[in-house]
Amino acid sequence: MFRRDILSAQPEKLYGAWMAEFRTPFFRSYLVNQPDLVREVLCARPGDFPKSDRVSEGLRPLLGNSVFVTNGAEWERQRRIIDPAFEGGRLREVFPAMLAAAESAVGRIGDKVDGGPVEIEAEMSHAAADVIFRALFSLPIEHETASQVFDAFRDYQRSQPLLNLAAFLPLPSWIPRPYRRRTRESAAKIRGLIGAMADARAADIQAGRAPDDLATKIMTTADPLTGKSFDPAEMVDQVAIFFLAGHETSASALAWALWLLADNPEAQARVAAEADGVFGGRQPVFGDISRLAFTRDVFREALRLYPPVPMMVRESRRSERFRDRDVPRGSQIVLSPWHLHRHSRLWECPDAFDPSRWHSTNGKTCQREAFIPFSAGTRVCTGAGFAMIEGVLLLAMIVRAYRLETLADRRPVPVAHLTVRARDGIWLAVRKRKML
Ligand code: HEM
């Protein structure tokens, strides 16, 4: 079942089950959908359920010991240094970087308007990579090194297997995987490029001429407990994860949100009208984001239906008892936004696109209980606040400028690579919108 694709091959009953057990000769996996068990694993006892090495393994050539793959004391130290860069106040400071990237994206799409259907996933990858590069290094993605990193990331993704395959399939870790060499080569290239950027930034910090962006903030923050900051090698690990986590995920969410809007013209018209009412013909400002309430509900609904990180895998450090079943030590515990967000016992009309659900009573319960696009608990996504601003801003600006339409013969099929992507891209007809 998992050989084809972990999303399209899911049996219907997993969308109504509280828990499912998969047995392999080497380990057991438990897909956990019951909200109080999800909370137990992510929020109440995260120390008993560290990240699974089976999943991190494929990412290590690229991410080294970055915050995404570490556990325990090392992870805690890394978060103490990283978290201050993402505090609420700092988000206002990265807003100009997001705005510049959004304006470029609107311009690039405009260049393609008359040339037939537009592959919107590629456009959103470009836009999200631009946002993260500007926020991290104050450089647009068109900068030579930045665009080399972006190209190398694309290669890296193509060499990756489906996301969580290793967590389900009975493959012991000594079996050679065909993707290994290519993955290693593209990872080494990316790390070389990022290393050169981090070195240049270290020199600029030393000389007192570094811009006040996320890279400078992270490189100059010392751990309050030990007084030490990241050394240059660690910085490469962290920049690699910021780039990967910060652009792949946002690109996936934005592309699906635009597709959902193309498929729901009324909602699309409301987003355009809201953007027009809030920032009209002027440039958006940071304070506008909180006033784009409907656009935010659309983005949330896209994160519900197409969570960019479809599944997260943890490992039980001791034996547990879940739903009257023994869960042996070393089991893989799969938390699945993909199933939880479409669970038939938790959501009304789970497969329907309905941004208004975020204001109904049902929506409020589910929002807390069964909506974890950014995970939850101590390991919650560091970039959640960042992504919610970036997503709303880009959606509002793109939809204000263009009317998007689906193409009858090109309905996207979701597949799980590093994030949830469409098997053959997301193709839309795009026209200039007449301003209201
Ligand atoms: C829509 C956009 C995004 C989504 C849906 C998303 C989702 C997630 C999820 C589900 C995790 C937890 C993964 C796990 O535990 O296995 C995570 C972790 C992380 N994300 Fe995001 N993310 C997004 C954007 C971002 C951005 C913009 C950044 C940085 C600028 C970022 C940085 C990180 C980092 C550093 C972690 C690791 C945190 C840790 O393990 O302590 N993410 N993200």
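The values are calculated or read from the model by the stated rules, or taken from the named source; none is laboratory data. Predicted, not measured: the structure shown is a model, and the values here were computed from it. So basically every Cβ, Gly included, is an ideal-geometry build from the backbone, and we count neighbours across all protein chains shown.
A compact table of results
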| read-out | value |
| --- | --- |
| Top-ranked residue in region 361-372 [being within 16 Å of the ligand (Cβ to nearest atom) and buried (at least 17 other Cβ atoms within 10 Å of the Cβ); ranked as modelled with the lowest pLDDT] | ALA370 |
| Per-region count, region 44-58, residues more than 10 Å from the ligand (Cβ to nearest atom) and in a helix (DSSP H, G or I) | 7 |
| Verdict on VAL309 being in a helix (DSSP H, G or I), among the β-branched types (Val, Ile, Thr) and either away from the ligand (no atom under 16 Å from the Cβ) or under 20 Å from the mean Cα position of the chain (by Cα) (or both) | no |
| Residue within region 45-60 that is touching a Phe, Trp or Tyr at 6+ places or on another chain (Cβ under 6 Å) and in contact (Cβ under 8 Å) with a residue 60 or more places away in the chain present | no |
| Test: residue in region 339-361 that is in contact (Cβ under 8 Å) with a residue 40 or more places away in the chain and within 29 Å of ALA73 (Cα to Cα) | no |
| Residue in region 262-287 that is surrounded by the fewest Cβ atoms within 10 Å (Cβ to Cβ), counting only those that are of a type in the set (D, E, K, R) and touching a Leu at 6+ places or on another chain (Cβ under 8 Å) | ASP276 |
| Out of TRP358, TRP347, sole residue that is within 18 Å of ASN33 (Cα to Cα) and away from the ligand (no atom under 12 Å from the Cβ) | TRP347 |
| Search result, residues across region 118-153 that are surrounded by fewer than 24 Cβ atoms within 10 Å (Cβ to Cβ), of a type in the set (Val, Ile, Thr) and modelled with pLDDT of 90 or more | VAL118 |
